[in-house]
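The block underneath contains the structure these notes are about, expressed in structure tokens.
Since every read-out is calculated from the coordinates, none of them should be taken as a lab result. Just so it is clear, the model here is predicted, and its values are computed rather than measured. Here the Cβ positions follow ideal geometry from the backbone for every residue, glycine too, while neighbour counts run over all protein chains shown.
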Amino acid sequence: MPAVQGISRDVLLALYPVTATKIYMNLGEPDAIDRYLDLPFDGIGLMRIEFIVSEWIRYHPLYLIKIGNPTLFIDKLAEGIAKVASAIYPRPVVVRFSDFKTNEYKKLIGGDEFEPFERNPMIGWRGVSRYISKEYEPAFRLEVRAIRKVREEMGLKNVWVMFPFVRTTWELEKAIKIMEDEGLRKSSDFKVWIMAEVPSVVVLADQFAKIVDGFSVGSNDLAQLTLGVDRDSELLARMGYYDERDPAVLQSIKRLIKIAHKYNKTVSICGQAPSVYPEVVEYLVRAGIDSISVNPDAVINVRRQVASIEQKIMLEKLNKK
Ligand code: PEP
Ligand code: MG
């Protein structure tokens, strides 16, 4: 379908610079993809599924299992993912498994029964620690079955997965085993990424790199945990403590890139930082990041900026010789 009267989408996209660093887009609401199709992105670097769960499904997955209707969860989740994956095929869609915190899961219909009270949900039962727990594992399996349905039954092989809030290698290995048990195995067209949000992933990057295909930096959480600053604290934000540009955060990312590349693994970023700070974009490109995933409204500017930085780096290298 023509994007702009008389101009095909391919021609329109060709008007933007080609970059060696891939420019991805973050997305949560599946239907929003229709509005963004003309943007020059190379894939979806973070598809958050929390929107589908809270707005389309609305029920807690464990409640649906209890009332004997788990297929509602699988089908709706698969529908949302497939909507995006088919719209941008064959570009990849990196689907992040659910990353609600306990207080957010509680708000889903029937959620009260299954969610404990946590004093500090931000560093509580979230991410992989949920998937491998005996309480939540059946619900994690529904997420995996939805992905499998999209890839195998609907044939959309451009769907990859990403594990959020990974803390240790042992929990990750357990979660990957559950995924494999459901028939989803890492392969050349099925990449498995983890988010680098907890500093332990950076510290033990060598070990994690042996397990996964790639990393995506969740700079929102990485900044919070590296700096010891509650990302929701307005007081600390006002005082300037919550800053993804802090050298401790940036140097962590640089270290991760260096180690990941040693193992031929890729590094992306899907936190807010590059969407809002041009200096972070420059830092990341100079550090050799493989892709940058930004909010829709930042895609065009970040692509142009990355192209110009890549050119600058090339000229600097030439002038040095
Ligand atoms: C992040 O932590 O940077 C991230 C992208 O995840 P979320 O903001 O959903 O926690
Ligand atoms: Mg996060």
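Segment 1-84: Rg/Rh from Cα coordinates, Kirkwood Rh? Could the numbers behind the result be given before it?
Numbers: Rg = 17.0 Å, Rh = 15.0 Å.
Over the Cα atoms of segment 1-84, Rg/Rh equals 1.14.
Give the distance, in whole Å, between the Cα centre of segment 240-308 and the Cα centre of segment 188-237. If you average the Cα positions of each part, the centres end up 13 Å apart.
Dipole magnitude of segment 94-203 about its Cα centre, charges +1 at Lys/Arg Cβ and -1 at Asp/Glu Cβ only, in debye to the nearest 20?
Numbers: 20 positive and 18 negative charges, 51 e Å.
Rounded to the nearest 20 debye, it is 240 debye.
Extension gain for Glu152-Leu204 works out to 15.4 nm (0.36 nm per residue, less the C-alpha to C-alpha distance). When the chain is described by a simple charge dipole with +1 on each Lys and Arg Cβ and -1 on each Asp and Glu Cβ, the residue from Asn264, Val150, Leu235 located farthest towards its positive end is Asn264. Between beta-carbons, use under 11 Å as the cut-off and find the net charge around Leu222, counting Lys and Arg +1, Asp and Glu -1. Here the charged neighbours net out to -3. Modelled this way, with points 7 Å down the Cα-to-C-beta line, the labels at Ser133 and Arg238 are 3.4 nm from one another. Normalised size of the chain, defined as Cα radius of gyration per 2.2 N^0.38 Å with N residues, equals 1.00. Pairs of C-alpha atoms in segment 61-212 farther apart than 23 Å represent 38 percent of all such pairs.
Please enumerate, by chain and number, the aspartates and glutamates with C-alpha under 15 Å from the C-alpha of Lys265, excluding those fewer than 8 residues away in the same chain. Output for Lys265: Asp189, Asp206, Asp213, Asp290. In loop segments of segment 52-133 as defined by DSSP, the GluC sites (Glu not before Pro) with at most 16 further C-beta atoms inside 10 Å of their C-beta are Glu118. Round to the nearest 10 and give me the degree value, 0 to 90, for the angle of helix 278-287's Cα axis relative to the longest principal axis of the chain. Taking the Cα atoms of the chain, the angle to 278-287 is about 90 degrees. Ranked by how many other Cβ atoms sit within 10 Å of their own Cβ, fewest first, the residues Tyr59, Tyr105 fall in the order Tyr59, Tyr105.
Take the Cα pairs of segment 156-195, get the Kirkwood Rh, then feed it into Stokes-Einstein at 20 °C and 1.002 mPa s and tell me D in µm²/s. Don't skip to the answer; put the middle values down first.
Numbers: Rh = 10.7 Å.
The calculation lands on 200 µm²/s.
Considering only alpha-carbon pairs that sit under 8 angstrom and 6 or more positions apart, the relative contact order computed for the chain is 19 percent.
When the Cα positions of Ile33, Ile49, Leu15 are compared along the charge dipole of the chain, Leu15 comes out farthest toward the positive end, with charges on each C-beta of Lys, Arg, Asp and Glu.
Looking at segment 201-249, which trypsin sites (Lys or Arg not before Pro) are DSSP coil and have at most 11 other C-beta atoms within 10 Å of their C-beta?
Sites meeting the loop and neighbour criteria: Lys210.
Exposure proxy shown here: for Tyr63, Tyr24, the number of other Cβ atoms within 10 Å sets the order, fewest to most, as Tyr63, Tyr24. Loop-located chymotrypsin sites (Phe, Trp or Tyr not before Pro) in segment 115-166 (DSSP state other than H, G, I, E, B) with a sparse environment of at most 13 neighbouring Cβ atoms within 10 Å: Phe117.
When only the Cβ of Lys, Arg, Asp and Glu is charged (+1, +1, -1, -1), the dipole of segment 237-282 relative to its Cα centre reaches about 320 debye.
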